[in-house]
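These notes are about the structure you will find just below.
What follows is calculated from the coordinates using simple rules that are stated; it is not laboratory data. Everything quoted here is computed from the prediction, not taken from an experiment. Here the Cβ is made from the backbone with ideal geometry for all residues, glycine too, and neighbour counts use every protein chain on show.
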Amino acid sequence: NISLKQGEEAANSLKMAALHHRFFIAATAFTIVLGWDCRKISKGNANGGSEIEKLGLFLKRLGLSTLKMLPVYPLFAVIIAFCFVFLIDICDALNIPFQWLNDPVYYGILYGPFSAIYWDVKW
């Protein structure tokens, strides 16, 4: 017999596994898209080097940029949230329902700061 507590623990464990799975997929997709975008730019440059060297340089830049971003990630998330506060106030003043902003607020705050990593690596 499975007790209610064991059932809840199993459900929580599955939720955490799904969350880790989604994070891994998002991080992999982010890295692939960023690498593809950077490769597109580097094809215009005639700096030579093998594909492995370019991949090593890309991964090094990605790692360094991520390390630089970690301490300021919470600050960027708060700045993004602060911007949405003004947008919500505008919607409220104009009597426009602001529930449509739920997803942009969630994803903007969660993934928005990663755009700083994207631009740092790309440029």
Most mobile listed residue (88, 79, 109) in the chain, GNM with C-alpha springs under 10 Å: 88
Hz values of 3J(HN,Hα) by residue in the stretch 56-73 - Karplus curve (6.51, -1.76, 1.60), Gly and Pro given as x: x, 5, 4, 5, 5, 5, 5, x, 5, 5, 5, 5, 5, 7, 3, x, 9, 3
Which shape class applies to the stretch 67-118: rounded if a/c is under 1.5, otherwise prolate when a/b exceeds b/c and oblate if not, where a ≥ b ≥ c are the square roots of the Cα gyration tensor eigenvalues? prolate
Starting from the Cα of residue 59, step 7 Å toward the Cβ, then list every residue of the stretch 102-123 with an amide N under 18 Å from that point. 121-122
Can you run phi through the Karplus equation (6.51, -1.76, 1.60; θ = phi - 60°) for the stretch 83-98 and list ³J(HN,Hα) in whole Hz, with x for Gly and Pro? 5, 5, 4, 5, 5, 5, 4, 5, 4, 5, 5, 8, 6, 9, x, 9
Do the sum for the chain: with -39,500 (n - 2.57) for every DSSP H run of n ≥ 4, divided by all residues, what is the mean residue ellipticity at 222 nm, to the nearest 500 deg cm²/dmol? -27500 deg cm²/dmol
Answer label, with Cα Rg over 2.2 N^0.38 Å calculated from the coordinates and candidates [x] 1.48; [y] 1.71; [z] 1.15: [x]
